[in-house]
Number of protein chains: 2
Amino acid sequence: MADPPRRPTMKDVAALAGVSIKTVSRVTNGEPLVSAEVTARVNSAIEQLKYHPDQRAGSLRRSDGKTGAIGLVVSSVANPFAAAVHRAVENAAVERGFGVFASSIDDDPEREQPTVEALLRRRVDGLILTTIRKSQGYLLNEQAFGTPLVFIDREPLGVDADSVVSDHAEGAALATRHLIAHGHRKIAFLGDRAMIQSASERRRGFLEELGRHGIPTTECPVVMEVHDEAASSALVLDLLSRADPPTAIFGGQNLVTVGAIRALRQIGAHHRVALIGFDDLPLADLLEPGVSVVAQDENAIGSIAAERLFERIAGDTSPPRPRIVPTRLIPRGSGEIPA
Amino acid sequence: MADPPRRPTMKDVAALAGVSIKTVSRVTNGEPLVSAEVTARVNSAIEQLKYHPDQRAGSLRRSDGKTGAIGLVVSSVANPFAAAVHRAVENAAVERGFGVFASSIDDDPEREQPTVEALLRRRVDGLILTTIRKSQGYLLNEQAFGTPLVFIDREPLGVDADSVVSDHAEGAALATRHLIAHGHRKIAFLGDRAMIQSASERRRGFLEELGRHGIPTTECPVVMEVHDEAASSALVLDLLSRADPPTAIFGGQNLVTVGAIRALRQIGAHHRVALIGFDDLPLADLLEPGVSVVAQDENAIGSIAAERLFERIAGDTSPPRPRIVPTRLIPRGSGEIPA
DNA sequence: CTGAAAGCGCTAACAG
DNA sequence: CTGTTAGCGCTTTCAG
């Protein structure tokens, strides 16, 4: 095989333009103190050689040491919630000439730290994280070295850092209040794994709202660790087959809600049993009945988190703040079915 | 402000362990010729200092020059199709210790080249691209320098490179045949922008299938440049209000299909006018009637593209091949409504 | 088995 | 306005 031609370096450009390498550097970085004539010659050499500066080499030497990349850790880039957040983060990054390394950890505590460390080896300038481990203490050193951290969807544990999360408890309370207002007292709550902070926050909001209305929790089945559609379907079928079944269901997460919809359809109960889900669903308004949900504002979460991160990267050292993003209830029919 | 402590380097580790910097390098790279005793001492120093090697510096000097990152260019990381592809690519990358830089260009030809060049400045080891420009000739040099390129969803123009695309024309033909088999002869085709290769391929498949059955295309309205839900809805309402309206609709893309669904509902025609969409929709099976679609295999597209790219990165220099991924028709009700 | 010297491609700090 | 020298953090090469 013929060896591929070597990629041109600044040196090659300098040689072709008949200037020093430093002058080329000045031109590529848009530094002002270069004559128009020389600038033109350098640019023409760059053009001719199809030269693209090596950002990695530049960042290594540059005084601020910035790589121009940030890391984003989410459950999965394929998850609609995370994908929407990702896009909002990317928009903010592109504006500033930054790139985004996104990593999926599937809510697996084992994968959190190795994934973050891979990002750290790449010397990302900052990290936006959806975490799942009991503690993020392993990030303390990194934070001390000056890498800004912004946590999304869940508060950090063992680290003092900025966070941007939906008001999970309040959102759940909102939905619960809505169901109660429609006459329900026997409401089943189906939650994701309790170790996922947002899941237990939602449960808390649910239970507290019941308490505020004096509804005994004994009438309301609360089941956690429901992580996928199939488990949710099976559970709903079971709950509804019992004596004195719930008249309303609260799906603690999108897959759980979908599982519940399927189960209700299967036994023809979708016009009889009320349903509200946490997290919006595409096409939810086109189902019969429309699926009422508590929606998170993914775009706000992503862009607020990114803004905060870039402020930190730019040198802001004010005390970390938690930032709460409101949720909103979208009534579409299923949540308005009376008891 | 107190300056943040400096991040430890290999030198610091070497000093603490009382060895040379090269020995530390040997340990972090798992090179074999280091005594167990020294290895232990070095590891303990690494541990103590919370040292993480700088991959960027390493890659700069390393003989193969690999950065361990690949670039992925898609329409939008928030688009479900792209997000699923992204995840498949990420899985393949993680297995090999690679990171993925994903960039969204929103099918905007103006943003394609700058976005790709940003990736090139980061010296990604390879690129997986969904392109939109008329030509990708600007990548010829880069390809000559040895950066492998794999195109997905659309064939490259002006570059000879690997590609992984769905059989858009055949998928469209499949759907068309299905509608014809259910007695339809007046079928409307609503396509995305004709400049998007996959969109015009789908149109081609549609028209060719009509031809095979001797159906005059004059009876079948073919409208391109339908890019969003609202435009699609308006168009469907218009088409159905004409004299001699179509009895079936083929939605050339997911947003278009959703727009069509809304329009059909709005005038109560969803049980009367047949509908098939290209691209699957979440919850499509729960609508009334279920939405029949031609589904692409995003996971296969992403993983085949990534496999190919990593083979190239590993040195494979066999001639580039186009790779066709089959689509499949999922009948759910809406596509089986008779004429 | 270990270390010293050189240098990847670039920018910083200074000279001229 | 332009060039020279040094060196970012690491791996390579080659010598012990």
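A short reminder: the numbers here are calculations on the coordinates, not readings from a lab. Bear in mind the structure is a predicted one, so any value in this text is a computation, not a measurement. All Cβ positions, glycine included, derive from the backbone under ideal geometry; neighbour counts span all protein chains shown.
Can you list the residues of the stretch A:155-194 with backbone N under 17 Å from a point 7 Å past the Cα of residue A:242, pointing along Cα to Cβ?
In the stretch A:155-194, the label zone of residue A:242 (backbone N under 17 Å from the point 7 Å along Cα→Cβ) covers A:185-192.
Assuming R0 = 35 Å, what is the FRET efficiency of residue A:218 and residue A:108, from their Cβ-Cβ distance, to the nearest 0.05?
0.55
Once R0 is set to 25 Å, what does the formula 1/(1 + (r/R0)^6) return for the Cβ-Cβ distance between residue A:208 and residue A:336, expressed as a FRET efficiency to the nearest 0.05?
Once the sixth-power term is evaluated, E becomes 0.65.
Which whole-number percent gives the relative contact order of chain A, counting Cα pairs below 8 Å spaced six or more residues apart?
It comes to 16 percent, rounded to a whole number.
What is the sum of charges, Lys and Arg at +1 and Asp and Glu at -1, for the other residues whose Cβ falls under 12 Å from the Cβ of residue B:48?
Local net charge: 0.
Using a Gaussian network model on chain A with a 10 Å cutoff between Cα atoms, which of A:22, A:134, A:66 fluctuates the most?
Highest fluctuation among the options: A:22.
Can you list, shortest first in nanometers, how far residue A:238 lies from the same residue in the other copies, with each label 7 Å from Cα toward Cβ?
Ordered by increasing distance: 5.4 nm.
Considering only the label points, 7 Å along Cα→Cβ from Cα, what distances in nm to one decimal separate residue B:44 from the same position in each other copy, shortest first?
Nearest to farthest, the other copies are at 6.4 nm.
Just add up the charged neighbours of residue A:251: K/R +1, D/E -1, any other residue whose Cβ is under 13 Å from the Cβ of residue A:251.
Charge balance in the 13 Å sphere: -2.
5 Å is the cut-off here: which amide hydrogens, built 1.01 Å from N in the peptide plane, fall below it relative to residue B:69, excluding neighbours closer than 5 in sequence?
When sequence neighbours closer than 5 places are left aside, the close amide H contacts are B:99, B:125.
Considering only the label points, 7 Å along Cα→Cβ from Cα, what distances in nm to one decimal separate residue B:331 from the same position in each other copy, shortest first?
So the distances to the same position in the other copies read 4.1 nm.
So how far apart, in nm, are the two label points at residue A:44 and residue A:318 if each is 7 Å from Cα heading toward Cβ?
5.1 nm
Check each of the trypsin sites (Lys or Arg not before Pro) in the stretch A:156-245 and keep only those in coil by DSSP with at most 13 other C-beta atoms within 10 angstrom; list them in order.
Answer by residue number: A:242.
Just to confirm a number: summing +1 for Lys and Arg and -1 for Asp and Glu over residues other than residue B:288 whose beta-carbon lies under 11 angstrom from that of residue B:288, what do you get?
+1
Looking at this model, which pairs from A:66/B:134; A:22/A:66; A:66/B:66; A:22/B:11 are more than 23 angstrom apart at the alpha-carbon?
A:66/B:134; A:22/B:11
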